[in-house]
1. Just to be sure I understand: with springs between alpha-carbon atoms less than 10 Å apart, which residue in Ala101, Ala204, Ala66 has the highest mean-square fluctuation in the Gaussian network model of the chain?
2. Could you report the accessible area of Thr87 in Å², rounded to 10, computed with a 1.4 Å probe on the protein chains as they sit in the structure?
3. Mind checking segment 127-186 for trypsin sites (Lys or Arg not before Pro) that DSSP puts in a loop (not H, G, I, E or B) and that have at most 14 other Cβ atoms within 10 Å?
4. Which value, in Å to one decimal place, does the Kirkwood hydrodynamic radius take for segment 105-197 when every pair of different Cα atoms is included?
5. Taking N as the number of residues in the chain, what is its Cα Rg relative to 2.2 N^0.38 Å?
6. Tell me, what is the 1.4 Å probe accessible area of Val63, in Å² to the nearest 10?
7. May I ask you to rank His137, His161 by accessible area, largest first, using a 1.4 Å probe over the protein chains only?
8. In a GNM of the chain with a 10 Å cut-off on Cα contacts, which of Gly142, Gly182, Gly70 has the highest mean-square fluctuation?
Amino acid sequence: MHSQIRASPARPHQTLTEDGRRMREVLSYSRRGSRFTPSQQEAWDAHAEDWFVPDELVDEPGVDVASWFGRRAPLVVEIGCGVGEATGVLAAARPDVNVLALEVWRPGIAASLAEVAAAGATNVRFCSVDAAWILEHLLPEGGLSELWTFFPDPWPKTRHHKRRLVSADFAAVVASRLQVGGRWRLATDWADYAEQMMGVVDAAPGLLGGRVPRWEERPVTKFERKGREAGRDIVDLEYTRT
């Protein structure tokens, strides 16, 4: 028998082949600049110690996501929280749940910390580890109450469509991690991505739903405003684990 070397989920782009060569992976995101503005630095200094989960913690044996919150509660995951415009508002309205916000852009997390603090939401933890890895490796089957995927990168160029987050494989993982009755809420302002999402998720066993009216509780973020200003329709989708 041979021991299996696990690539760090915090740095998926550094996965190596068996002979030690770097493997180029298809990721649903690109890492942007990491420089903070003064206000972002202030928010980071004030709140990161309490609300940000360092990358290396996901590699600890037997890691328990609930321990990051210091309590057991239904878990909601937000993928791509951006600058936290929706995160703080939605989390503050749900003090009885744990909200894990995943974002690879550190300045976005810093800005989100300020948003969450302003909203008075103490039930949010942030992590910059690859979201697909988190769902597959750290969450048990049926361990997710709700998933929010608002305005994921549309990768509009045809040659980049393979990088879109919502794929058949990802939908299968989501279906297995949602508890029965759990919801997956999505939104996009790209019509062809909306069609792809519906085609993929409609085919995923155990998920039932489709296009729905705009979720009124979801704040209008800069991404949504930008889409509207460009004349694009906003599509909301909702699927339930059966």
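The values are calculated or read from the model by the stated rules, or taken from the named source; none is laboratory data. For clarity, every value in this text was computed on a predicted model and none was experimentally measured. Note that each Cβ is placed from the backbone with ideal geometry, even for glycine, and that neighbours are counted across all protein chains shown. Accessible surface areas use protein heavy atoms only, side chains included; no ligands, DNA or RNA. Shrake-Rupley method; radii C 1.70, N 1.55, O 1.52, S 1.80 Å.
1. Taking springs between Cα atoms under 10 Å, the residue moving most is Ala66.
2. Per-residue accessible area (Thr87): approximately 0 Å².
3. Lys157
4. The answer is 15.0 Å.
5. Working: Rg = 17.6 Å, N = 242, 2.2 N^0.38 = 17.7 Å.
The chain yields a ratio of 1.00.
6. Rounded to the nearest 10, the figure is 30 Å².
7. His137, His161
8. Among Gly142, Gly182, Gly70, the largest mean-square fluctuation in the Gaussian network model of the chain belongs to Gly70.
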